[in-house]
Amino acid sequence: MKPVILISVFLLAALSANAQMMYYPDNSVRVFSGSKELTLAWAGGFNNPQFSMGDINNDGLQDLVIYEPGKGVKTFINKGAPGNPDYRYYPQFEKNFAPSYSYMVLADYNRDRIPDLFERGLDGFAVHKGYYNASNELCFTFYQDLFYYNDLSSGGGTNAFCNPGDIPGIADLDNDGDLDFIAYNIVGGTINYYRNMQVENSLPTDSIRVFLRDRCWGKVYQAYWREHMLHYSCNNSGLLREAADTTGGKKTHSGNTPCLFDWDMDGDYDYLDGSVSFNELTFLKNGRIEHGSGPDSMVAQDTMWQAGGKRVVLPVWPTAFNIDIDQDGKKDLLIAPNLGGASENYKCIWFYKNLTTAGSPNWQFQSDSFLTDKTIDLGTAAFPMLFDYNMDGKPDLFLGSDGYRQASGILRSRISYYKNTSTSGSPSFTLQTTDFLNIDTFGFQGTAPAFGDIDNDGKADMLIGHTDGTLTYYKNIASSATAQPVWHPAQVILQDNAGVVINVDGHAAPFIYDIDKDGKKDLVIGNLYGTIQYYRNVSTSPGTISLQLVNLSLGGAQVDPTQSFGNYSTPFIGKLDASGRDFLLMGSNSGQLYRFDSVGCGDTTVAYPLLNGQYSYIDTSFLQYNHAGSMAGAYGGLRSAPTVGDVDGDGEYEMIVGDVRGGVRFYKRKPYDNSAVPRVTGESAIINLYPNPAANSVNVSWSGNFQSSIKLSIINMQGQLVSSVDVSSSLQTYSIPLGGLPEGVYICMLQSGDNRYYQRVSVLR
């Protein structure tokens, strides 16, 4: 899939008194399912999570960090007690994490009791040193890429390699106190063992020096077959000795995620091997302890772990993570799919509790929806919409999505309904149903809901947009406009006034609003191309629906304008602030929110001016660049979808934004706080860009600790270097010319020594 690069941006916001209010993440609105509180309701969903533990607020307790390739980091603070964790979502720590590519592992390489961060970087293993800032927040600074120098390498240093998409093993394999590293060979089959020589060479603890110790760690070979070949060895040159092949074809492949763990607590590392080719995990037992102190050697396997227990079956490419999630002193197993698309998107976190005693392995299955059962998760790509369904004056929450994965691999969609059960000073939602109106019976793929009187009888109807670009019309047949709606499916496939099926060619996201100010509600539809199509309500008889196509690109508004396809516009039209004006707010594939003016003027021929390309700095994405500034890739975009309303009755607007993981995040308007604006920076450094968007030049200003000379670079969305200049850091500001660049989004990178800092700049004219 085409990668999309996503990053937080700093814009000047002091335009008016109203601009001093912004939307910020907020978890104060409680959500219940029956009597059970969903304590992670606003954390967004989970699709392909990777798990690490570490103290991220320096309070002595182990917190939870979840990373998803292409979707970024989520941080969960442990608010419980030792042995009784209670993880709560605190997104403010996410901005401090180093941009990661492909995988992210927290581990303490220098034994200073502060987690360090490992990710793939350019070469296989990039190391970021952890430290606590003045606010006791865990932060990172780039340390080095891992290269080895020994007689197995040709010429200079060779990078310790990890295949893109793979997750390596990081642990003290030789029990000498420092961390070692394993990863499958570049062509798959065998495992490279990169031994850390920090202790052996008496190096400072704050250092790593790796040596390619073995190209056949564990004496095991994994081909396309489910069963691994045991007692395997490489030849003396270190090259692979291919397995017997009667067909003449090569049987190796890449796509492995070995999870190191001590299955039987005997003191050596066994591992669970996830493979892109299978829906199960293979367990490999290490016989090093039983058979003496020789090299690690896998002596037994379970090709469908676990035999005699709850077998893992998790499409696609299940991957295990060995962490002490329940804080009882023993590391447990969490298992999740490592590949998006056709993978399970709700029951996607399996929890096996470690009840092992030495020599007596005991791993007990606990749940297949661990954490997801504490959050709002609709599978893939949530579409929230606020609407007062029970007519009590409080907006309720409806949620559709692209759907939940079925056994057949397709997505099937429903709508969830959360009643607004807020009382004075205590805002809350309570789940009423996960299959509103039994919509599941239709087998829809995609359910983006919209509410409003589209047939001119004074009662609010419901429209549902589908993945194939069509819509379904539910007519309100309630007795009056003040009664709770009674919706009946009047047109399963909605047609226009000429009898033509309304189809926006993919991912219809409807919204009902009187665009031309004639007193009748019209239909606008977001779509795969990032525009909005406009259908005028031309009905002349109350209670009948008649929609006429007027414009395929209303107001010229488009999200992610540098893309031509896969933009996924999701419109909301209404009030966002205290100005009293209506705005057009659109979610996008990139995760940004685009705000346009003039939608309330009634003139359907004018162009809608773009006011913000990242409204309130809300961005459901995360920077996917490695430390060297090269494009690291995001898999398929982040799919923001906004809705706005006064949820808690305090007279201020709140915003709920859906994301590609099938979850939602909640935002409240608060006074503007420059320090809270998300930015990707390093230790003691801040960079700002203005104006942004820019036309012919952009000013870069910086403050902090820099070397005497810094490099300023502009990088396009394909990861290509567009321009670069060396300047003195004492200048503290510099103007970069942009006149020769096409309109679009670019990355500005400031490099000082090994440290690199990024901001996004939009070029518009």
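Computed values, structure above
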read-out	value
Test: residue in the range 368-388 that is surrounded by fewer than 16 Cβ atoms within 10 Å (Cβ to Cβ) and either under 22 Å from Tyr474 (Cα atoms) or among the hydroxyl-bearing types (Ser, Thr, Tyr) (or both)	no
Candidate set: the range 269-307, residues that are closer than 17 Å to Asn192 by Cα and aromatic (Phe, Trp, Tyr); chosen: the one surrounded by the most Cβ atoms within 10 Å (Cβ to Cβ)	Tyr271
Scan of the range 351-367 for residues that are open to solvent by 20 Å² or more (accessible area, probe 1.4 Å) and either touching a Gly at 6+ places or on another chain (Cβ under 9 Å) or over 24 Å from Tyr87 (Cβ atoms) (or both), ordered by number	Thr357, Ala358, Gly359, Ser360, Pro361, Asn362, Gln364, Phe365
Subset of the range 519-536 [out of contact with any strand residue (DSSP E or B) (no Cβ under 6 Å at 6 or more places or on another chain) and open to solvent by less than 10 Å² (accessible area, probe 1.4 Å)]	Asn527, Gly530
Subset of the range 488-513 (residues that are buried (at least 22 other Cβ atoms within 10 Å of the Cβ) and closer than 17 Å to Leu399 by Cα)	His507, Ala508, Ala509, Pro510, Phe511
Residue match in the range 617-624 (condition: surrounded by fewer than 20 Cβ atoms within 10 Å (Cβ to Cβ) and either modelled with pLDDT of 95 or more or within 17 Å of the chain's Cα centre (by Cα) (or both))	no
Qualifying residues in the range 707-724 (those that are assigned to a loop (DSSP other than H, G, I, E, B) and open to solvent by 40 Å² or more (accessible area, probe 1.4 Å)) - the one farthest from Gln759 (Cα to Cα)	Ser708
Residues located in the range 567-587, provided they are assigned to a loop (DSSP other than H, G, I, E, B) and not small (Gly, Ala, Ser)	Asn567, Tyr568, Leu576, Asp577, Arg581
So Ser590, is it assigned to a loop (DSSP other than H, G, I, E, B), at pLDDT below 95 and in contact with a helix residue (DSSP H, G or I) (Cβ under 8 Å, 6 or more places away or on another chain)	no
Residue selected from the range 311-347 under the condition of a type outside the set (Gly, Ala, Ser) and open to solvent by 40 Å² or more (accessible area, probe 1.4 Å), by the criterion modelled with the lowest pLDDT	Leu339
Residue in the range 755-762 that is touching a strand residue (DSSP E or B) at 6+ places or on another chain (Cβ under 6 Å), open to solvent by 40 Å² or more (accessible area, probe 1.4 Å), at pLDDT 75 or above and part of a strand (DSSP E or B) present	no
Any hit, the range 434-446, residues being in a strand (DSSP E or B) and either modelled with pLDDT of 95 or more or surrounded by fewer than 23 Cβ atoms within 10 Å (Cβ to Cβ) (or both)	no
Single unsatisfied condition, Met53 versus (1) open to solvent by 10 Å² or more (accessible area, probe 1.4 Å); (2) part of a strand (DSSP E or B); (3) within 22 Å of Ser590 (Cα to Cα)	(3)
Index of the failed condition, Gly409 passing every other in (1) over 21 Å from Ile464 (Cα atoms); (2) open to solvent by less than 40 Å² (accessible area, probe 1.4 Å); (3) at pLDDT 95 or above	(3)
In the range 559-593, the residues that are of a type in the set (Val, Ile, Thr), over 21 Å from Tyr473 (Cβ atoms) and open to solvent by less than 50 Å² (accessible area, probe 1.4 Å)	Val559
Residue match in the range 313-327 (condition: in contact (Cβ under 8 Å) with a residue 24 or more places away in the chain and closer than 30 Å to Ser422 by Cβ)	no
Condition broken by Ser579, with the remaining ones in (1) more than 19 Å from Ala509 (Cβ to Cβ); (2) modelled with pLDDT of 95 or more satisfied	(2)
Hey, Gly238 modelled with pLDDT of 95 or more, of a type outside the set (A, V, I, L, M) and either touching a Leu at 6+ places or on another chain (Cβ under 6 Å) or surrounded by 15 or more Cβ atoms within 10 Å (Cβ to Cβ) (or both) or not	no
From the options Val660, Val680, residue that is surrounded by 19 or more Cβ atoms within 10 Å (Cβ to Cβ), among the β-branched types (Val, Ile, Thr) and at pLDDT 85 or above	Val660
Checking Leu549 against (1) aliphatic (A, V, I, L, M); (2) touching a helix residue (DSSP H, G or I) at 6+ places or on another chain (Cβ under 7 Å); (3) open to solvent by 50 Å² or more (accessible area, probe 1.4 Å); (4) under 29 Å from Val501 (Cα atoms), the condition it does not meet	(2)
Of the criteria (1) closer than 24 Å to His488 by Cβ; (2) open to solvent by 50 Å² or more (accessible area, probe 1.4 Å); (3) free of Cβ contacts under 8 Å to residues at least 60 places away in the same chain, which one Gly556 fails	(1)
Enumerated strands (runs of 3 or more DSSP E) restricted to the range 360-429, each holding at least 2 residues that are without any contact (Cβ under 8 Å) to a residue 24 or more places away in the chain	363-367
Enumeration of residues in the range 173-185 that are out of contact with any Gly (no Cβ under 9 Å at 6 or more places or on another chain) and either among the aromatic types (Phe, Trp, Tyr) or open to solvent by 30 Å² or more (accessible area, probe 1.4 Å) (or both)	Asp174, Asp176, Gly177
Which listed residue is outside any loop (DSSP other than H, G, I, E, B), open to solvent by less than 20 Å² (accessible area, probe 1.4 Å) and over 24 Å from Ser401 (Cβ atoms), from Val65, Val73	Val65
Residue count for the range 85-115, restricted to those that are over 21 Å from the mean Cα position of the chain (by Cα) and in a strand (DSSP E or B)	1
Qualifying positions in the range 725-747 - open to solvent by 60 Å² or more (accessible area, probe 1.4 Å), touching a residue at least 24 places away in the same chain (Cβ under 8 Å) and either more than 20 Å from Gln563 (Cα to Cα) or not charged (D, E, K, R) (or both)	Gln732, Thr733, Tyr734, Pro737
The one condition in (1) among the aliphatic types (A, V, I, L, M); (2) open to solvent by less than 10 Å² (accessible area, probe 1.4 Å); (3) closer than 30 Å to Ala557 by Cα that Leu750 fails to fulfil	(3)
Residue match in the range 241-253 (condition: touching a strand residue (DSSP E or B) at 6+ places or on another chain (Cβ under 8 Å), β-branched (Val, Ile, Thr) and modelled with pLDDT of 90 or more)	no
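The values are calculated or read from the model by the stated rules, or taken from the named source; none is laboratory data. What you see is a predicted model, and the numbers here were worked out from it, not measured in a lab. Don't worry about glycine lacking a Cβ; one is built from the backbone with ideal geometry, like all the others, and counts go over all protein chains shown. Just so you know, the surface numbers come from the protein's heavy atoms only, side chains and all, with ligands and any DNA or RNA stripped out. Shrake-Rupley method; radii C 1.70, N 1.55, O 1.52, S 1.80 Å.
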